Amino acid sequence: MKSSVYNITIIPFLLSALVICIAFYAVGVVEKNTASQQADTHISTVITDIYENNSETEAITEKLCKEYELKAQTLSILISQLPGTMIEDMTAEELRITSGADQIAISDRSGLIIFSTAPSTETEYISEDFTEGLTKMNYCRTIITKSETGCVFEVAVSRRNERGLIIASFASSALNEVINYNGSSYAIHKSSSFIPGTTAIINLESNRFIAHTNAALIGTECIIDSTRFNKEKTYFSYKFQGKPSFVFYRYYDENTVIISIVSKDYVYTNRTVVVMWLIILDAIIMTSLLLSVRHYNSRTKTSDISTEK
């Protein structure tokens with residue numbers, strides 16, 4: 001009899017504990033896989049946005065190059081028609097304004113700058129990037145450089161009346177706006193992410209953030225060891241800001257990786273809820289079972305006493 005009562009109470013308890021453990025593991029696996037798929041989708045969206053933004057930036061850059069090269073060639077024609085007046089500051093300034101250039105420089109056949117709207121007391125020569133144009137006819141080349149104020153187009157074209165080059169510099173506010181608007185950080189904020197979650201782009205050569213959901217961290221060093229990113233795409237566990245988290249990542253190119261960090265508490269939210277409800281349900285069932293067994297034992301004892309009498 002005691003063995004039967006033991007089986008009635010202990011076996012259901014063990015079975016319910018086993019069910020809770022299986023549910024804990026199974027729901028956790030499902031939620032982790034779901035989070036991994038969501039992270040992969042999010043990172044794919046970021047990569048697609050970056051490609052689209054780069055294509056748009058390249059298209060605008062190409063358009064501006066053609067526009068500035070046309071202005072520089074027009075400037076070369078104007079200067080060839082007014083060779084004797086270039087020493088007059090007023091004429092030079094008028095030409096600069098007419099062409100829309102920020103600076104104008106003219107070199108002789110040796111590359112020595114013989115005239116420039118930028119004041120300088122030192123002897124200057126043209127950039128080595130343009131020296132090949134000193135021996136060519138109808139030379140035209142554009143170099144884009146980045147400064148603190150943004151992108152600068154330097155356009156070098158052949159002089160029309162004699163050997164040498166005319167170099168016009170154009171600072172493009174339009175391209176700067178596009179680059180700022182279509183930057184990596186914008187691509188991160190544009191695409192939907194986990195809530196809460198952190199997305200960032202890391203340059204593995206410098207181990208610094210080149211984009212981050214927290215703009216204040218852009219340019220700062222990444223605290224995650226770069227050796228952890230040893231596969232094309234996967235995830236690993238990491239304690240981020242004091243919280244156990246998953247770091248999902250994928251390579252954008254050889255030296256750039258995009259990461260999405262999500263806390264494990266968020267990933268396993270449903271598992272916690274499911275297990276809590278199972279524990280509550282199990283407690284109710286076990287309590288009911290124990291009360292039933294107790295009531296059964298009480299009735300059995302009463303029946304035994306009546307039989308003895």
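The values are calculated or read from the model by the stated rules, or taken from the named source; none is laboratory data. Treat the numbers as computed from the prediction; the structure is a model and nothing was measured. A quick note on method: Cβ atoms are made from the backbone with ideal geometry, for glycine too, and the neighbour counts reach across all protein chains shown. Just so you know, the surface numbers come from the protein's heavy atoms only, side chains and all, with ligands and any DNA or RNA stripped out. Shrake-Rupley method; radii C 1.70, N 1.55, O 1.52, S 1.80 Å.
Using the beta-carbon distance between ALA23 and THR48 and R0 = 30 Å, what value does 1/(1 + (r/R0)^6) give for FRET efficiency, to the nearest 0.05? Between ALA23 and THR48 the formula returns 0.20. Estimated from the Cβ-Cβ distance and a Förster radius of 30 angstrom, the FRET efficiency linking ILE144 and GLU221 is about 0.60. LYS243 exposes around 120 Å² of accessible area when a 1.4 Å probe is run over every protein chain in place. Once backbone amide H atoms are built at 1.01 Å from N, ARG160 has SER80 as its partners under 5 Å, excluding neighbours fewer than 5 places away on the same chain.
The H on the amide N of SER245, modeled in the peptide plane, is under 5 Å from the matching H of TYR238, LYS239, PHE240, LYS264, each at least 5 residues off or on a different chain. Using θ = phi - 60° in the Karplus curve 6.51 cos²θ - 1.76 cosθ + 1.60, the 3J(HN,Hα) couplings for the range 206-218 round to 9, 6, 10, 6, 9, 7, 7, 5, 9, 4, 5, 8, 5 Hz; x is entered for Gly and Pro.
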